[in-house]
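First comes the structure, then the notes that go with it.
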Amino acid sequence: MPEAYLAKVRSLTPAKAFAVAAYGESVAAYRYRTLTDKAPRESQRKILMEMAAEEQGHHQVVQDLRKKHLLDSDFVLSPEDKELIIVGSRLLEVTDDASFDRAMELIIESERLTGRFYAALHDVTGLAELKPLLMEMAEECFAHAVRIQEMVKEGG
């Protein structure tokens, strides 16, 4: 993991880090729901809808953690904060197969970035009870990237 990225994540307070995580999970769920309607194949739509539901679940887990451990985690996030967890703009413009493929590339890159984010949080968090969850979230992000990559490669 690049040292500059780690330094940025390390510089976040736990409250802000989880605000960034909540944003990322919300955007991921939104993107998957939106792309469900744009997918050219039914098998892709099914996978994307499953991913949207899973990301919405992740968002709820992060929100619950914020309520329990980090009551001061309401922030207005800067573009730099958002870039720690999302690649590209929140809204993905999909009008044809080529733009759908590009959106999938951004999704894959975002899942990998989010995985790195959670892995970095795992390494720096002082809340021992959150470490297993953070590692699980990191691993799930990397697994999502692989699943989407396989979906794209197989065409569904």
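Read the figures in this text as sums done on the coordinates, not as results from a lab. Keep in mind it's a predicted model, so treat the numbers as computed, not measured. Backbone-built Cβ (ideal geometry, glycine too); neighbour counts: all protein chains shown.
Couplings 3J(HN,Hα) for region 122-139, derived from phi with the Karplus relation 6.51 cos²θ - 1.76 cosθ + 1.60 (θ = phi - 60°), are 4, 6, 10, 5, x, 9, 4, 5, 8, 4, x, 5, 4, 5, 4, 5, 4, 4 Hz, where x marks Gly and Pro.
Look at ILE85, ILE148, ILE108 and count the other Cβ atoms within 10 Å of each Cβ; fewest to most, that gives ILE108, ILE148, ILE85.
Stretching the chain fully between THR95 and GLU42 yields a gain of 17.4 nm (0.36 nm per residue, less the alpha carbon separation). The tail of the calculated P(r) for region 3-154 beyond 28 Å holds 18 percent of all Cα-Cα pairs.
With helices as the sole contributors, the chain gives -26000 deg cm²/dmol at 222 nm; each DSSP H run of n ≥ 4 counts as -39500 (n - 2.57), and the sum is divided by every residue.
One decimal place: the segment GLU3-GLN63 gains 18.8 nm when fully extended, by the rule 0.36 nm per residue minus the C-alpha distance.
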